[in-house]
Amino acid sequence: MGRYILKRTLTAIVAFIGITIMTYCLASLMPGSPLDQLVQPESGISNAELAAIEHKMGLDQPIYIQYFFWLKNMFQGNFGVSYTQHRPVVELIAGRIGPTLLLSLSSMLLALFVAVPLGTAAGYRPYKGIDYASSVLAFVGQAAPNFFVALLLIYIFAVKLRLLPISGMYNSGSSGTAGEVLKHLILPCLALTFQHLGIFTRQMRNSMYECMSDDYVRTARAKGLNERTVLFKHTLRNALLPLITQAGLSLGALVGGAIITEQIFSWPGMGTLMLKAIKDRDYPLIMGITVIISVIVLIGNIVIDIIYRMLDPRIDDKV
Amino acid sequence: MGERVLEVNNLTTVFHTKTGTFPAVSQMNFTLDAGETLAIVGESGCGKSVTSLSIMHLLPDRMGEITPESSIKFKGTEISKYSNKQMSNLRGNEISMVFQDSLTSLNPTMTVMAQMVEPFMVHQKISRKDAEKAAIEMLRKVGIPNPEARVKQYPHQFSGGMRQRVMIAMALSCNPSVLICDEPTTALDVTIQAQILKMIYDLKKELDTAVILITHDMGVVAETADRVLVMYGGQGVELADCHTLFTNPLHPYTQGLLASIPKIDDDTRLSTIEGMVPSLKDMPKGCHFCDRCQYCTDRCRKENPPMYRAGEREVRCFRYEEGN
């Protein structure tokens, strides 16, 4: 197991370097320059002065030199200073990472907690009421855009029923108790969950349906085990395997989807910070956030792989 | 022969499919006595497995169904209408089954031990610790070397032959009266095949278990069976003791089947049965074999013959109707 984790970590580092190169190139290719945001056109600044600022920021260097400078600093824990907010990137991100993780992880867990029992029930009794109901839910969940679901939830629960707050993470002027945060978390978490719930439920339903006709299930019945044991001890564990893979694939989409959801609910996470950074061409901040998100996704994938290995002993011999 | 353990009468199993309901097995009759080995032979799709799954009530959900006029008696008790719950008391306890593919038939995510202890704990209601001891003992009996260490492994770490031994150990753990082996050696090498068959034979002797051996390998039949039931198109066509069947087959299908076994000292062209097995969905109205039979008459096309008794044996063919 130790060797496996080491191997996965090393490949993750290679993937990580690849991600930073791609993001750095894409960010630099975006039309417009950071100088446009910093310097007002009507300020009457001279070209010589502009060149001096450009030189000071390292923007006159070729892009690969800029990248290596950035990479070297990054490994020293220095993500640079935001061009527009004039504060260290590390500091800006540190304040935002908690809310994003809270939102993403809670909706991942909620999606799994609903999808596993629902998909199991649907796959165990296919082409019956619960199967059709879960299909409808899944298709609606996949088809409805995230922002639409979010607005609908706000309209129903916040505007009409006045049960839950519209946006933010705390009541204004409050330092925020756990209960208060939880109350604010419900709507964004639901909006983000809804999208993944559909895929997860369908995946669980299909793998359950397939596993039920597997030979070892027949063997379990031939041993005289009751249906509960056949279902929960023999089938469920095998049926969970594809869902775990699916959850790993969805992890990136979940953190990415959080950006839109955060924006709608004014959730003080990295999504709002990211959008502002892109608008401002704030390269150090864009890179910093990308690095953090990719690290989260890569670590998440390693965790998922480890869980998969614990559930499926056959993987052990293939590595 | 000992006590009658199984009596199957007029067993008909239908399958519901999108294109309609059709019988996969019809009018099956046979008996099984304690300690006896009955081989059921026939081509793929002739209903051998459906017959055994019907006895076990393990037909595919929502698809297979035993018709109400069928009768399956286990030690004199009618079990064809048993509920799933009633059946689970018999399965793995009184009637056990070994399947063809031992890799897919064992749960890939559970250790061999976890799977071995289940029948003991469910049927004998003994503690996990005692069940583990019994499981190791059973594995030793089927010839698994160093069972104490090997039980902690997973099925994929066993060879095909060893896995089939595990399956057999599991099936025999509660000392059942009937063991159904559905092509137990088809997926194995010939050398391993012989070992497994010998082991089944030895254990059967030791435990006085009645065995139903499903196979399409006539060599296996000749080596192991006391009596043979030949199936064609979802029906039994000939039932006889093993020696008689091989020396004097009566039904035209049995004759064709035996003639199409290659013989090493015979230089003539290998004989085959002309034509194709009809699909279960469009069986001939009369005798199921009529389209391929050289003795076929008008009557054969119109009526399906019953099983005629000819001394100790039974055969489904008008040629052996009384008086002929």
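Every read-out reported here was derived from the displayed coordinates using simple, explicitly stated rules and does not represent laboratory data. Bear in mind the structure is a predicted one, so any value in this text is a computation, not a measurement. All Cβ positions, glycine included, derive from the backbone under ideal geometry; neighbour counts span all protein chains shown.
With a 10 Å cut-off around each Cβ of A:227-236, the average count of Cβ atoms from other chains is 2. Computed from the C-beta positions of A:Leu71 and B:Asp130, the FRET efficiency with R₀ = 60 Å rounds to 0.45. Straight-line cross-link reach from A:Lys7 at under 25 Å between alpha-carbon atoms covers these lysines, not counting any fewer than eight positions away in the same chain: A:Lys72, A:Lys318. With the largest listed first and rounded to whole Å, the semi-axes of the equivalent ellipsoid of the stretch A:24-166 from the Cα gyration tensor are 49, 20, 16.
Could you run the Debye sum over the Cα atoms of the protein assembly as shown, one equal point scatterer each and no solvent, and tell me log10 of I(q)/I(0) at q = 0.07 Å⁻¹, two decimals? Taking Cα atoms of the protein assembly as shown as identical point scatterers yields -0.65.
Under a model in which nothing but the beta-carbon of Lys, Arg (+1) and Asp, Glu (-1) is charged, the protein assembly as shown shows a dipole of about 1520 debye around its Cα centre.
Placing unit charges on each Cβ (+1 for Lys and Arg, -1 for Asp and Glu) gives chain B a dipole about its Cα centre, and among B:Leu197, B:Gly20, B:Asn89 the Cα reaching farthest toward its positive end belongs to B:Asn89. Counting Lys and Arg as +1 and Asp and Glu as -1 over every other residue whose Cβ lies under 14 Å from the Cβ of B:Ala187, the net charge comes to -4. Nearest 0.05, what FRET efficiency do B:Glu274 and B:Arg299 give at R0 = 22 Å with Cβ-Cβ as r? Here the calculated transfer efficiency is 0.60. Cross-link pairs exceeding 25 Å between alpha carbons, from the set A:Lys160/A:Lys276; A:Lys128/A:Lys233; A:Lys223/B:Lys48; A:Lys128/B:Lys48; A:Lys223/B:Lys204; B:Lys73/B:Lys133: A:Lys160/A:Lys276; A:Lys128/B:Lys48; B:Lys73/B:Lys133. For A:Lys279 and A:Asn171, the difference between the fully extended length at 0.36 nm per residue and the C-alpha to C-alpha distance is 36.1 nm. Count Lys and Arg as plus one, Asp and Glu as minus one, and take only other residues whose Cβ is under 12 Å from that of A:Leu164; the net charge is then +2. Taking the stretch A:251-318 on its own, what percent of its Cα-Cα pair distances exceed 14 Å? Result: 66 percent of Cα pairs exceed 14 Å. When the charge dipole of the protein assembly as shown is built from unit charges on Cβ atoms (+1 for Lys and Arg, -1 for Asp and Glu) and taken about the Cα centre, the candidate among A:Pro117, A:Ala178, B:Met276 whose Cα reaches farthest toward its positive end is A:Ala178.
For chain B, the convex hull spanned by the alpha carbon atoms encloses 153 Å³ per residue.
Mind running the shape call on the stretch A:132-270? Use the C-alpha gyration tensor, a ≥ b ≥ c as the square roots of the eigenvalues: rounded below 1.5 for a/c, prolate if a/b tops b/c, oblate otherwise. Prolate, since a/c reaches 1.5 and a/b exceeds b/c.
The charge dipole of the stretch B:4-262, taken about its Cα centre with unit charges on the Cβ of Lys, Arg, Asp and Glu (plus for the first two, minus for the last two), comes to roughly 820 debye. Note on B:104-116: average number of Cβ atoms from other chains within 10 Å of each residue's Cβ is 5. Between B:Ala34, B:Val112, B:Gly47, the Cα set farthest toward the positive side of the dipole of the stretch B:4-262 (charges on each charged residue's Cβ, about the Cα centre) is that of B:Val112.
Geometric descriptor of the stretch B:1-121, per residue, is 144 Å³ (volume of the convex hull of the Cα atoms).
The convex hull drawn around the Cα atoms of chain A, when projected onto a plane and averaged over every direction, covers 22.1 nm².
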